[in-house]
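Trainee: Following this message is one structure expressed as structure tokens.
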Amino acid sequence: MAERPTFLLTQVFRCDDIQLTVSQEIDIQALQRGDVHAFEVLVIQYEKKVLNMCWYILQNKEEAEDATQDIFLTIYQSIPKFKGDAKLSTWIHRITLNKCLEHIRKAKRKKRFGIHLRIDPAFIDHTVDLNKNPEEALMEKERVKVFLEAVQQLSENQRIAYTLHHMDEFSYKEISESMNLSLSAIESLIFRAKQHLKATLNDSIKNNWI
């Protein structure tokens, strides 16, 4: 296996001598030989999806960016073990989910006084329509904060399944493959998550967010 690439992920998009498009086919055999160009193609095709998935699960921009770097290094190091039993996208989503959970557990260990992560204000801004007038935007931010805090109270599997479906727009099938659970288990997790949120939140929030 070749030495892992040392470039930052965002540098891929700034290299003038690399002419890549998202439609380029990923060469898995080249990846497994440690070919850096093949890895750059993979990064361009998957970085946005991975970063968004981290962003929605971790709800913290800095944590999401750190996790994304970690995920792509893990992909580069682990690709020789990829046997094609699942789609490459499913394999990447599983690595992403596992790394996000690692980041959450690490943060919880450091945060002795509570089990929930701090919600990044930037994440709240990301989910709010900032074209509203200041008063409406402020009220919307408060509703979003209450909603996200309620989501954090869900069990881990409920929260992950609900977040991927509700915020990151994964299909039930994609969530099933990413979490390595049956479709019926995912349906049950999301149903119970919705029931919990409906019982917890007031009408003005649940009517807009659930």
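The values are calculated or read from the model by the stated rules, or taken from the named source; none is laboratory data. The model shown is predicted, which means the values in this text are computed figures rather than measured ones. Cβ placement follows ideal geometry from the backbone for every residue including glycine, while neighbour counts extend to all protein chains displayed.
Trainee: Might you check whether a residue that is part of a loop (DSSP other than H, G, I, E, B), among the aromatic types (Phe, Trp, Tyr) and modelled with pLDDT of 90 or more occurs anywhere in segment 64-83? Give the derivation first.
Mentor: The first filter runs over segment 64-83 and keeps only residues part of a loop (DSSP other than H, G, I, E, B), leaving 82-83.
Now narrow it down to the ones that are among the aromatic types (Phe, Trp, Tyr): 82.
In the following step, the residues that additionally are modelled with pLDDT of 90 or more were identified as 82.
Yes: one or more hits.
Trainee: Considering only residues that are outside any helix (DSSP H, G or I) and among the aliphatic types (A, V, I, L, M), which ones fall in segment 161-210?
Mentor: Of all residues in segment 161-210, those outside any helix (DSSP H, G or I) come to 167-171, 180-182, 201-202, 210.
If the condition is that a residue be outside any helix (DSSP H, G or I) and among the aliphatic types (A, V, I, L, M), then Met167, Leu181, Leu201, Ile210 are the ones that fit.
Each row is one residue, and each column tells you yes or no for (1) modelled with pLDDT under 70; (2) among the small types (Gly, Ala, Ser); (3) within 21 Å of the chain's Cα centre (by Cα).
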site: Lys99; (1), (2), (3): no, no, yes
site: Lys110; (1), (2), (3): yes, no, no
site: Ile119; (1), (2), (3): yes, no, yes
site: Ala137; (1), (2), (3): no, yes, no
site: Glu142; (1), (2), (3): no, no, no
site: Val146; (1), (2), (3): no, no, yes
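Trainee: Out of everything in segment 4-35 that is surrounded by fewer than 17 Cβ atoms within 10 Å (Cβ to Cβ), at pLDDT 85 or above and not acidic (Asp, Glu), what residue ends up being nearest to the chain's Cα centre (by Cα)? Full working, then the answer.
Mentor: Going through segment 4-35, the residues surrounded by fewer than 17 Cβ atoms within 10 Å (Cβ to Cβ) turn out to be 4, 6-8, 10-11, 13-30, 32-33, 35.
Keeping just the survivors that are at pLDDT 85 or above gives 26-30, 32-33, 35.
Applying the additional criterion that residues be not acidic (Asp, Glu) yields 26, 28-30, 32-33.
On the way: Ile26: 21, Ile28: 23, Gln29: 26, Ala30: 26, Gln32: 25, Arg33: 28 Å.
The qualifying residue nearest to the chain's Cα centre (by Cα) is Ile26.
Trainee: A further question on this structure: Give all pairs with beta carbons closer than 7 Å in which a residue from segment 60-85 that is farther than 16 Å from Ile44 by Cα meets a residue that is exposed (fewer than 15 other Cβ atoms within 10 Å of the Cβ); count only pairs at least 6 apart in sequence or on separate chains.
Mentor: Lys61/Ala122; Gln77/Arg4; Ile79/Gln32; Pro80/Met1; Pro80/Gln32; Phe82/Ile28
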